[in-house]
Amino acid sequence: MKKFISLLIIISCALGLLSCGNKSDIPEGMQLVRGGEDVGYYFYAPEEWTVSNQGNISAAYASNVDTSSVTYVECDMPDVTVKEYFDSSLTEFPTLPTVVTDNKEITFGNADSAIMFEYEHEYSGHKFRTMQIFTKYGSRFGIFTFNSPLENISSTDVVQYNYYKEKIDKVIVNFKYVTKSVESAPETPKADSDGYVLVSDKKIAKFSLYLPAEFEVEYSSGMVSGKLPDGSNVNMTRATSTGVVVSDYWESRKEELSAIVTNLNVISENVPATLGDSSRAFAYEYTFVYNNTTYHVYQVLAVTTFNGFVFTYTAEDSNYNSHIETVKKIAEKVEF
């Protein structure tokens with residue numbers, strides 16, 4: 001399971017969902033990103049940053065101008081060493097990053113053990129440095145990531161990565177694991193007349209997404225995602241850019257995608273489509289190569305009275321046609 005690129009992509013789609021907590025327990029100058037016995041930890045970030053949790057990924061970023069960010073996510077314990085896990089994940093980058101700190105044991109909050117790596121890479125014409133800390137607490141395995149530009153934004157003296165050193169040290173020191181509470185049995189999900197199951201919370205996501213029963217829900221928060229046994233995926237989220245026309249938003253997304261994949265081939269674009277009862281919706285179909293695999297995408301960008309939304313179906317090229325009609329039906333059933 002490789003998280004590096006997916007984390008960077010998710011941060012670029014930050015939704016700004018706010019967390020809340022007991023103010024008296026929060027370290028000075030910080031805010032709670034996510035915490036409680038339900039998740040099994042308390043994760044804090046600088047108080048002036050924007051919280052942008054998505055699914056099981058806890059995240060916060062500095063601003064729309066300064067894309068510095070911190071994230072934490074828990075994964076299955078790997079069956080290889082942390083060093084092997086890290087080295088394997090780096091192969092997902094189009095160009096191999098430069099590792100500047102390798103396999104360093106550190107203290108991360110009250111974790112049983114933590115190993116840090118730092119590496120430098122380029123994304124969309126900008127240079128970044130990323131810190132990744134792999135933690136173990138009992139039988140649990142977590143990944144903390146700090147990503148920041150190697151550019152002078154807040155200071156002419158130091159690049160942004162170094163500018164935040166004291167704040168990130170404080171984030172690391174104050175991370176706290178707690179025992180997870182036992183989850184109660186989930187309620188029976190709501191289904192429509194075709195047996196499609198409601199998998200989103202409209203109060204959070206601002207839409208209702210229904211998926212056939214064969215889909216496994218990966219996460220449901222501001223972004224909602226479900227996958228099929230062959231790995232094909234459907235996800236939907238509110239658009240992060242406002243005040244732009246759909247075609248301009250597509251050009252921006254295409255540019256971002258080109259920075260991390262190869263052989264991007266646009267099959268069709270700006271085709272009128274249906275996404276629930278949105279006032280305007282346009283479909284885009286394209287393929288690309290990522291990690292030596294060709295993927296086929298059907299994406300709908302839609303506008304309602306107050307929001308924009310992105311609906312995306314991604315499958316390996318050989319599986320695309322098997323599900324596309326079902327995917328279009330899923331798009332039709334969306335409720336705003």
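The values are calculated or read from the model by the stated rules, or taken from the named source; none is laboratory data. The shown structure was predicted, so the numbers you read here are calculated from the model rather than taken from an experiment. Cβ atoms come from the backbone with ideal geometry, glycine included; neighbour counts cover every protein chain shown. With ligands, DNA and RNA removed, areas are computed over all heavy atoms of the protein, side chains included. Shrake-Rupley method; radii C 1.70, N 1.55, O 1.52, S 1.80 Å.
Observations
- Per-pair calculated FRET efficiency, R0 = 45 Å: Ile324 and Glu47 via Cβ, rounded to 0.05: 0.50
- Given (i) 124, 40, 38; (ii) 51, 46, 41; (iii) 65, 42, 38, the label whose value is Cα extents along the principal axes in Å derived from this model: (ii)
- For the stretch 56-96, the residues whose amide N sits under 19 Å from a probe point set 7 Å from the Cα of Glu151 along the beta carbon direction are 61-70.
- Per-residue HN-Hα couplings for the stretch 139-153 [Karplus 6.51, -1.76, 1.60; θ = phi - 60°; Hz; x = Gly/Pro]: 8, 9, 10, x, 10, 9, 10, 10, 10, 7, x, 8, 9, 8, 10
- Surface per residue (accessible, 1.4 Å probe) for the chain, Å²: 49 Å²
- Model label points for Glu256 and Glu122, set 7 angstrom from Cα along the Cα-to-Cβ axis, are 2.1 nm apart.
- Rounded if a/c under 1.5, otherwise prolate or oblate - the stretch 284-336, Cα gyration tensor axes: oblate
- For the chain, calculated [θ]222 nm from helices alone, where every DSSP H run of n ≥ 4 adds -39500 (n - 2.57): -5500 deg cm²/dmol
- Ranking by accessible area, most exposed first, for Ser139, Ser258, Ser52 with a 1.4 Å probe: Ser139, Ser258, Ser52
- Per-residue ³J(HN,Hα) for the stretch 29-39, Karplus 6.51 cos²θ - 1.76 cosθ + 1.60, θ = phi - 60°, Hz, x for Gly and Pro: x, 10, 9, 7, 7, 6, x, x, 5, 5, 9
- Note on exposure: Leu211, Leu150, Leu96 ranked by accessible area (1.4 Å probe, complete protein assembly) read Leu96, Leu150, Leu211, with the most exposed listed first.
- At full extension, Asp201 and Ser88 could sit 37.1 nm farther apart than now, given 0.36 nm per residue minus the alpha carbon distance.
- Backbone amide hydrogens, once placed in the peptide plane, bring Tyr219 within less than 5 Å of Ser225, excluding anything fewer than 5 places away on its chain.
- Degrees between helix 165-174 axis and first principal axis of the chain (Cα, 0 to 90, nearest 10): 90 degrees
- Projecting the Cα atoms of Ser154, Thr179, Met116 onto the dipole axis of the stretch 109-186, where Lys and Arg carry +1 and Asp and Glu carry -1 at the beta carbon, places Thr179 farthest toward the positive end.
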